[in-house]
Amino acid sequence: MARTRKPVVPGWFTETEAGTGTEAGTGTEAGDGTEAGDGTEAGDGTEAGDGPGPADFRLLGTRCGACGAVFFPREDFFCRAPGCDGTDLTEVPLSRRGTVWSYTDGRYRPPPPYVSDPEVPWQPRALVAVELAAERMVVLGQAPPDVSVAALRVGMEVELVPGVLGEDTETVWTTWWWRPVETDGAGETDRTDGTDGAGRPNGTTGGGRDL
């Protein structure tokens with residue numbers, strides 16, 4: 001029996017079919033929220049130097065029509081900016097790329113409603129706070145399972161990719177992950193010499209500002 005894919009928080013990101021860049025009924029067209037500096041060509045949904053993941057996969061925020069403030073998590077009722085009483089909020093896709101502002105790893109199993117199988121031993125996951133390229137707001141998310149804190153450093157470029165938070169026999173709970181952008185040359189993470197790309201020993205549990 002085919003399992004149902006459900007976003008862990010409806011409306012926070014575009015929903016894509018597994019392994020494709022096709023959006024499933026989100027009402028958001030790729031490229032309609034082009035921001036300066038994120039490498040997206042207006043209207044074509046592709047990105048220069050695009051890495052893993054569909055180019056049209058985005059976090060969805062809202063923008064106030066009165067003051068222009070952008071919110072994530074989204075705000076659909078009233079503007080949260082001090083001094084603004086605007087109520088006209090429009091959905092906007094946010095930048096796919098940003099830079100690591102801070103990071104750490106989660107070494108304990110979060111309590112419900114976090115989705116996880118209590119029968120499976122908990123594996124630490126890297127948590128990344130990312131400053132978005134255009135909006136300059138900081139958004140928290142997990143790194144993919146194959147990316148540890150040893151592969152991260154403050155200021156490195158990361159990109160948004162579709163992820164899976166958990167699954168059972170009926171449902172696959174989808175989310176977003178922040179994955180380091182593959183680069184060549186100095187500063188690239190070296191996982192074979194016992195240090196990360198910034199010269200720190202592997203196993204460092206965090207960096208940057210406090211989360």
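The values are calculated or read from the model by the stated rules, or taken from the named source; none is laboratory data. Just so you know, these numbers come straight off a predicted model, no measurement behind them. As a convention, Cβ positions derive from the backbone with ideal geometry for all residues, glycine included, and neighbour counts pool all protein chains shown.
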| query | Among the residues of the stretch 100-116, is any in contact with a Ser or Thr (Cβ under 6 Å, 6 or more places away or on another chain), surrounded by 14 or more Cβ atoms within 10 Å (Cβ to Cβ) and not basic (Lys, Arg)? | reply | yes
| query | Ser95 fails exactly one of the following numbered conditions: (1) closer than 26 Å to Val181 by Cβ; (2) among the polar types (S, T, N, Q); (3) without any contact (Cβ under 8 Å) to a residue 40 or more places away in the chain. What is the number of that condition? | reply | (3)
| task | Scan the stretch 73-96 and give yes if some residue there is farther than 20 Å from Ala55 by Cα, in a strand (DSSP E or B) and at pLDDT 95 or above, otherwise no. | result | yes
| Contacts under 7 angstrom Cβ, first residue in the stretch 107-121 being without any contact (Cβ under 8 Å) to a residue 40 or more places away in the chain, partner part of a loop (DSSP other than H, G, I, E, B) and polar (S, T, N, Q), 6 or more apart | Arg109/Ser116
| request: Can you tell me which residue within the stretch 98-153, out of those that are in a strand (DSSP E or B) and over 12 Å from the mean Cα position of the chain (by Cα), is nearest to Leu60 (Cα to Cα)? | output: Trp101
| request: Could you tell me whether any residue of the stretch 52-63 is free of Cβ contacts under 8 Å to residues at least 24 places away in the same chain and over 16 Å from the mean Cα position of the chain (by Cα)? | output: no
| What tally of residues in the stretch 111-144 results from selecting those that are hydrophobic (A, V, I, L, M, F, W, C), closer than 19 Å to Pro162 by Cα and modelled with pLDDT under 90? | 1
| said: I'd like to check something: does the stretch 154-169 contain any residue that is farther than 30 Å from Val70 by Cα and assigned to a loop (DSSP other than H, G, I, E, B)? | reply: yes
| message | For the stretch 79-98, which positions are surrounded by 15 or more Cβ atoms within 10 Å (Cβ to Cβ) and not small (Gly, Ala, Ser)? | response | Cys79, Leu89, Glu91, Val92, Pro93, Leu94, Arg96, Arg97
